[in-house]
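Take a look at the structure below.
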Amino acid sequence: MAAPDEKQKPEPSVAAPATSEATPAASDDVVLIGGPTSDGAGANVLRLREGRIETGQIRNMEQGKPIVGEVVTLRPRKDAPNICDVKVEYAPKAAAAPKNRPAQVATENYRNNWDSIFRAPRDKQLPS
């Protein structure tokens, strides 16, 4: 115990060295892994990114099956293994905006050929 008239020196603080294995800083894209999907082939998740909360599922990729959604790499956090930082490996292109007109299903060339096949013969007229 120090005497009352002596000044106490503050204890030096020790900072942990920065390493690559340190807990990652809070990411802008994180996933909370929940319970299994109804078919048991994946897990239900809550995803926080860009200020929105989204629900979804994660599943393993399988050879020969189409990719639905994004391909991501999940890196679990040391302090909470069911919370993972997300790295997007592949994101499909956004669908084109719908146009305000119906799809064009017949070209001018198609219409011309239709007339040449199905019109009435020139020398024979339909009875009136």
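Bear in mind that the values in this text are calculations on the coordinates, not laboratory data. Everything numeric in this text was worked out from a predicted model, so none of it was measured. Using ideal geometry, Cβ is built from the backbone for each residue, glycine included, and neighbour counts are taken over all protein chains shown.
For this structure, a couple of remarks:
- Here the extension length gained between L32 and R119 equals 24.8 nm, from 0.36 nm per residue of separation less the Cα-Cα distance.
- Counted by neighbouring Cβ atoms within 10 Å, the residues D29, D85, D79 run from fewest to most as D79, D29, D85.
- Measuring r between the beta carbons of V71 and K99 and using R0 = 41 Å, the FRET efficiency lands at 0.90.
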